[in-house]
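Student: What follows is a structure written as structure tokens; I'll ask about it next.
The values are calculated or read from the model by the stated rules, or taken from the named source; none is laboratory data. Just so it is clear, the model here is predicted, and its values are computed rather than measured. Cβ placement follows ideal geometry from the backbone for every residue including glycine, while neighbour counts extend to all protein chains displayed. Only protein heavy atoms, including side chains, enter the accessible area calculation; ligands, DNA and RNA are left aside. Shrake-Rupley method; radii C 1.70, N 1.55, O 1.52, S 1.80 Å.
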4 protein chains.
Amino acid sequence: LSRTLRQQVYRELFARPEGDEGLTITNQLVMATILVSIVVAVLSTEPRIARNHGSQLLAAEMAFGIVFLVEYAARLWSVAEAPGTGSAAYKRWRFARSVIGIIDLAVVVATLFPFLVTSASVFRIVRLLRLVELMQSGRFSLALREIGKAVSERRYDLFVTLALAGGLILTSATALYWAEGEVQPAVFGSIPRAMWWAVITLTSVGYGDAVPVTVLGKVFASFVALGSIALIALPTGVLAAAFSDGMERHRKRVDAARHLREGHHE
Amino acid sequence: LSRTLRQQVYRELFARPEGDEGLTITNQLVMATILVSIVVAVLSTEPRIARNHGSQLLAAEMAFGIVFLVEYAARLWSVAEAPGTGSAAYKRWRFARSVIGIIDLAVVVATLFPFLVTSASVFRIVRLLRLVELMQSGRFSLALREIGKAVSERRYDLFVTLALAGGLILTSATALYWAEGEVQPAVFGSIPRAMWWAVITLTSVGYGDAVPVTVLGKVFASFVALGSIALIALPTGVLAAAFSDGMERHRKRVDAARHLREGHHE
Amino acid sequence: LSRTLRQQVYRELFARPEGDEGLTITNQLVMATILVSIVVAVLSTEPRIARNHGSQLLAAEMAFGIVFLVEYAARLWSVAEAPGTGSAAYKRWRFARSVIGIIDLAVVVATLFPFLVTSASVFRIVRLLRLVELMQSGRFSLALREIGKAVSERRYDLFVTLALAGGLILTSATALYWAEGEVQPAVFGSIPRAMWWAVITLTSVGYGDAVPVTVLGKVFASFVALGSIALIALPTGVLAAAFSDGMERHRKRVDAARHLREGHHE
Amino acid sequence: LSRTLRQQVYRELFARPEGDEGLTITNQLVMATILVSIVVAVLSTEPRIARNHGSQLLAAEMAFGIVFLVEYAARLWSVAEAPGTGSAAYKRWRFARSVIGIIDLAVVVATLFPFLVTSASVFRIVRLLRLVELMQSGRFSLALREIGKAVSERRYDLFVTLALAGGLILTSATALYWAEGEVQPAVFGSIPRAMWWAVITLTSVGYGDAVPVTVLGKVFASFVALGSIALIALPTGVLAAAFSDGMERHRKRVDAARHLREGHHE
């Protein structure tokens, strides 16, 4: 009897459904808990919230910590049902030192740790990894994998755009360093400083914390600003095509899987 | 005789033309009135205009209020001609508590209300809903519906880009919170505060009210700025394709409807 | 003999070559003079240049004025050769009151006028119209006309994106007026003021002269900033497609014209 | 024996592999050295680094200088093996005054020069040319050449977008000069000054150092900001298409070359 329960727990916590079947109910609950815990972690970094709702945040973190701890324990216990030979202890050790097992443990520690050392709240962002791990199952991860493949097929295109972008950033920074370095040493006084300006201009973000003031600097910067159109155009086309390709293939694969499944039921 | 007039009024005020026939003349006049009343409402929030042209604005609002009131009364009266069984009173009550009826009443109240309480002018923006309601008829709404369908078919693509964007915003904000939180507590002192910076940078708006000042912060922010290209590229491709698809289908549908109509006339 | 010269002058100054043959030599010289005169006019608005090089600028303007005057006189004289019936005086009067004739005269007056009234230098920008007029001939204008046609075919798409953009700008401005109107009356104190912010944010320009400071304002503004991706994506797709279509058709037409011409020569 | 060594050195330093075979091992090492030397040159312009790590930077530059000098000497020596008639001295002189030879020498001088005159560090950016020269060999340069060809085929499209962009920049600048020239003489007091604002706005960079403050100026600037969508859309489409075409052709050519080579081995 106990063995049947362990099998069920194993299937609920570890099963990696194929096609578009999505996560198990337990994993959906775990995912919801992680999402809520990330929101709580984000909010608790805000001093005004931490000051006024400190005890509630602490209680919530404790609750999340217990959920993650219980889940980790359940995984460690039920992983003995994993396929393959070897003793239950061996399988548990193998899980504990796998990437997934370490992420799981890290999340538990990161959640319960702040009770010991309060300043380590940034470490809680490790929950994002947990989210990524959970997304490995189900439809979303298949889509991401197809997009990843489509991007990977275009990696040479992206490398070329990166090389061109790098050359453009370096040339722009050198030109402005040369033109404005002595007039505005704080922002153009070295090529690394001017590179900050070049990146912010070439991505068309344009904060305005570093702006040329001489005529020559403005003429150079005008060409750099126009160059931002080219810098953005090249990867935009590649990435948009890769994304659209990846989603297309994902859709075909899901349809094929559904067709196959329905064929089996007939 | 009175019945024939009511039928005509009903047809003028309620008819939803199919295909590309457009709005009835009365509805075109109502739409023009709404557009003008929106412009007046927008201008009347400006203190300089409100001070110098207060009486003209008041007169214009009163005129709009009367037009909207008359139209609402005419709709309530003529809706008795609506197809289906039931008494005139029942049909009127059904219209009065329908979404369209409530929006109509809200516009009337929002227009005449300021005479009682002057500060409620923001409420006048409810006229935009009235505009959307009117656009339900005619060619424009068909186009919007096709675009809506095309977007809806790509909702999974948009969900994936939203999830990626959310992860990117959260990671960027955490990195800058970690790098600059202590140096600039006002703008990077918590993850929610840093998220404001992350959104403004990743959309390439770049106000410049929150800008990293440390070397590490600038290095992180440079990657975030380059990441903005990816964040913008993915939904841009999806939305542009959805829009172009929707308009294409709309054009085909309009052509088919015209062809059918011309076939009938032969 | 004088008649033959007049014919030659007419052909040089008025001929509108078909296909890709380009401008006549005289018109190329006139175009170069206009381009140079625009550069001079732009530079002469700069106080530092006007102060140090005032006499050179004056001399250049005088030279341009003489060229434009001579050209205008030559056109007025040679237009008597225009095809069609009517006396030379009638044809000259018809030219003098045509759009092209008035632009020509305006350029002459705008160039020589500053000697009388110095502050009217903005008026010199009328030379841009002269440039557009000259571009009516030759290959460039054919390309522009095809692009114009392709844009015109998509005018309904552009109208839909404009309507969506207008609604987005108005809604964004109202939201920020409501959220920040009392905190920052100078920049969000009325919907027209907030619309300036909305346009600058939705086009992702982001000057930073108007930035929300409250939590609610920043939350709204974050969605507006993300909405900028949609606002930019829709017209970008339509315009890029229109431009590419127009250039494609232009290329085909030029090839066809060349093919025809070469066929004639055989 | 010495001749065989010279032949080997020649092949290692000069060989231009066809297809996708990449750089020789020696050239890969040279490329890595150049990349590192560029990073060092960039970092050494930063006063804080130059102050604290002056001697290390000097040592690194000396090492790079020796490497470049040795390579230059080896090239000069081994170029006698170049195909074609003529004495070794003639071939060396031909290499020394070729573009590649001059760039090589310039890099050597630029690296060793700072020991004589310290302020000439900007000149070190000539190493980027050396990088471009090395990239002439191998797969990367083939890709760049195909992209260059694809861009060149669309040069007329780019000329049209440039002409439109120029007209838009000039008109925008004139409008703002006219509207704000007297209110803000420092930033809109002449058309050249207003052109700086126009370029930064039309590329959607938006630093915020020049921002209209009058109602008329803001209305004009709103249209200019919306016009930035068009200005960016046109070249973006052309450049993205050119890049994608160029990479596609490059891929086909590489595949064809590989196929041919494999056919030879069979």
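Student: Explain nothing, just compute: Karplus ³J(HN,Hα) = 6.51 cos²θ - 1.76 cosθ + 1.60, θ = phi - 60°, for every residue of the range B:155-163 in order, whole Hz, x for Gly and Pro.
Tutor: 4, 5, 4, 5, 4, 4, 5, 5, 4
Student: Additional query: Given chain D, what whole percent of its Cα pairs are spread farther than 33 Å?
Tutor: 50
Student: With each label point set 7 Å from Cα along the Cα-Cβ vector, what nm distance links C:Arg11 and A:Ile25?
Tutor: A separation of 9.2 nm, rounded to one decimal place.
Student: Could I ask something else about it? Comparing the chain by itself with all protein chains present, which residues of the range B:213-229 are at least 30 Å² less accessible (probe 1.4 Å)?
Tutor: Residues of the range B:213-229 that lose at least 30 Å² of accessible area once the other chains are added: B:Lys218, B:Ser222, B:Ala225, B:Leu226, B:Ile229.
Student: Then there is this: What nm value, rounded to one decimal, do you get for the distance between B:Ala88 and A:Ala256 when each label is placed 7 Å out toward the C-beta?
Tutor: About 6.7 nm, to one decimal.
Student: Determine which residues of the range C:21-51 fall in the zone a paramagnetic label at D:Phe159 would reach in this model, i.e. backbone nitrogen under 19 Å from the point 7 Å along Cα→Cβ.
Tutor: In the range C:21-51, the label zone of D:Phe159 (backbone N under 19 Å from the point 7 Å along Cα→Cβ) covers C:21-36.
Student: Moving to a separate point now. From the label point of B:Gly148, set 7 Å along Cα to the beta carbon, how far off in nm is each other copy's matching point, shortest first?
Tutor: Computed spacing set for this position: 3.8, 3.8, 5.3 nm.
Student: Here is a follow-up. Please give the charge dipole size of the range B:181-266, origin at the Cα centre, charges +1 on K and R Cβ atoms and -1 on D and E Cβ atoms. Round to the nearest 20 debye.
Tutor: Numbers: 8 positive and 7 negative charges, 26 e Å.
Computed about the Cα centre, the dipole is about 120 debye.
Student: Looking at chain C as a GNM with Cα springs under 10 Å, which of C:Glu71, C:Glu133, C:Glu182 has the largest mean-square fluctuation?
Tutor: Comparing C:Glu71, C:Glu133, C:Glu182 in the GNM, the peak value goes to C:Glu182.
Student: Still on this structure, I have one more. Give the average, rounded to an integer, of partner chain Cβ atoms located within 10 angstrom of each Cβ in B:190-200.
Tutor: Numbers: counts 10, 11, 10, 5, 2, 4, 8, 0, 1, 8, 11.
Partner-chain Cβ atoms within 10 Å, mean over residues of B:190-200: 6.
Student: To the nearest 0.05, how large is the calculated FRET efficiency for A:Val126 and B:Val39 if R₀ is 41 Å and r is the Cβ-Cβ distance?
Tutor: Values: r = 53 Å, r/R0 = 1.29.
After rounding, the FRET efficiency stands at 0.20.
Student: So for the protein assembly as shown, taking the charge dipole from beta-carbon charges (+1 Lys/Arg, -1 Asp/Glu), which of B:Leu168, D:Leu231, D:Pro83 sits furthest toward the positive end?
Tutor: My answer, from the dipole projection, is D:Pro83.
Student: Can you give the FRET efficiency for A:Met62 and A:Ala32, using 1/(1 + (r/R0)^6), R0 = 22 Å, r = Cβ-Cβ distance, to the nearest 0.05? Provide the component values of the computation, followed by the final result.
Tutor: Values: r = 18 Å, r/R0 = 0.81.
About 0.80, to the nearest 0.05.
Student: Can you bin every Cα-Cα distance in the protein assembly as shown into 10 Å intervals starting at zero and give me the percent of pairs per bin, rounded to whole numbers?
Tutor: Histogramming the protein assembly as shown at 10 Å steps yields 2, 8, 13, 18, 20, 18, 12, 6, 3, 1, 0, 0 percent.
Student: Of all accessible surface on the protein assembly as shown at a 1.4 Å probe, what whole percent is carbon and sulfur?
Tutor: Working: 35680 of 52890 Å².
Taking all protein chains in place, the protein assembly as shown shows 67 percent carbon and sulfur surface.
Student: Separate question: Any idea of the accessible area per residue across the protein assembly as shown, 1.4 Å probe, to the nearest Å²?
Tutor: On the way: 52890 Å² over 1064 residues.
Dividing the accessible area of the protein assembly as shown by its residue count gives 50 Å².
Student: What are the ³J(HN,Hα) couplings of the range B:140-150, residue after residue, when phi is run through the Karplus curve with 6.51, -1.76, 1.60 and θ = phi - 60°? Round to Hz, x for glycine and proline.
Tutor: Running phi through 6.51 cos²θ - 1.76 cosθ + 1.60 with θ = phi - 60° gives 4, 5, 4, 4, 4, 5, 5, 5, x, 4, 5 Hz.
Student: Another question, then. Read phi for every residue in the range C:30-43 and hand back ³J(HN,Hα) as whole Hz from Karplus 6.51 cos²θ - 1.76 cosθ + 1.60, θ = phi - 60°, with x for Gly and Pro.
Tutor: Per residue, the Karplus-derived 3J(HN,Hα) values read 4, 4, 4, 4, 5, 4, 4, 5, 5, 4, 4, 4, 5, 5 Hz.
Student: Mind listing the label-point distances from C:Val70 to the same position on all other copies, shortest first, one decimal in nm, points 7 Å along Cα→Cβ?
Tutor: Its label point is 6.8, 6.8, 9.6 nm from the equivalent points in the other copies.
Student: For D:Arg251, which inter-copy label distances result when the label point lies 7 Å beyond Cα on the Cα-to-Cβ vector, reported in nm to one decimal and in ascending order?
Tutor: 2.0, 2.0, 2.8
Student: Would you mind working out the magnitude of the charge dipole of chain A relative to its Cα centre, with +1 at each Lys and Arg C-beta and -1 at each Asp and Glu C-beta, to the nearest 20 Debye?
Tutor: Numbers: 27 positive and 21 negative charges, 157 e Å.
So the magnitude is around 760 debye.
Student: Still on this structure, I have one more. Would you look at the GNM of chain A, springs on alpha carbons closer than 10 Å, and say which of A:Leu226, A:Leu112, A:Leu142 moves the most?
Tutor: Top of the fluctuation ranking is A:Leu226.
Student: So what's the range C:168-225 giving for Cα Rg divided by 2.2 N^0.38 Å, two decimals? Please list the in-between numbers first.
Tutor: Values: Rg = 9.5 Å, N = 58, 2.2 N^0.38 = 10.3 Å.
Taking the Cα Rg and dividing by 2.2 N^0.38 Å, one obtains 0.92.
Student: Let me ask another. Under a 10 Å cutoff between Cα atoms, tell me which one of C:Leu13, C:Leu216, C:Leu57 has the largest fluctuation in the Gaussian network model of chain C.
Tutor: Most flexible of the set in this elastic network: C:Leu216.
Student: Give, as a single signed number, the net charge of other residues whose beta carbon lies under 14 Å from the beta carbon of A:Arg97, with Lys and Arg counted +1 and Asp and Glu -1.
Tutor: Details: positive: A:Arg75, A:Lys91, A:Arg92, A:Arg94; negative: A:Asp104.
Taking every other residue near A:Arg97 into account, the sum is +3.
Student: Mind checking the mean number of beta-carbon atoms from other chains within 10 Å of the Cβ atoms in D:39-47?
Tutor: On the way: counts 1, 0, 2, 9, 3, 3, 10, 6, 4.
That works out to 4 on average.
Student: Which of the peptides C:233-240, C:163-170 is most tightly packed, and how do the rest follow, judged by the mean count of other Cβ atoms within 10 Å per residue? Write down the numbers at each step before the final one.
Tutor: Details: C:233-240: 23.4, C:163-170: 17.4.
Top to bottom by mean Cβ count within 10 Å: C:233-240, C:163-170.
Student: I've got another one for you. Using r as the Cβ-Cβ distance of D:Val215 and C:Ile102, and R0 as 35 Å, what FRET efficiency do you calculate, to the nearest 0.05?
Tutor: Values: r = 31 Å, r/R0 = 0.90.
Efficiency computed from Cβ-Cβ geometry: 0.65.
Student: For the interface of C with B, what's the total buried accessible surface in square angstrom, probe 1.4 angstrom, rounded to the nearest hundred?
Tutor: On the way: alone 16250 and 16230 Å², together 29490 Å².
Roughly 3000 Å².
Student: So, with +1 on the Cβ of K and R and -1 on the Cβ of D and E, and no other charges, what is the size of the charge dipole of the range C:123-249 about its Cα centre, to the nearest 20 debye? Please report the intermediate quantities before stating the final value.
Tutor: Details: 11 positive and 9 negative charges, 106 e Å.
It comes to approximately 500 debye.
Student: Could you give the distance between the Cα centres of the range B:75-90 and the range A:53-101, to the whole Å?
Tutor: The two parts, judged by their Cα centres, are 65 Å apart.
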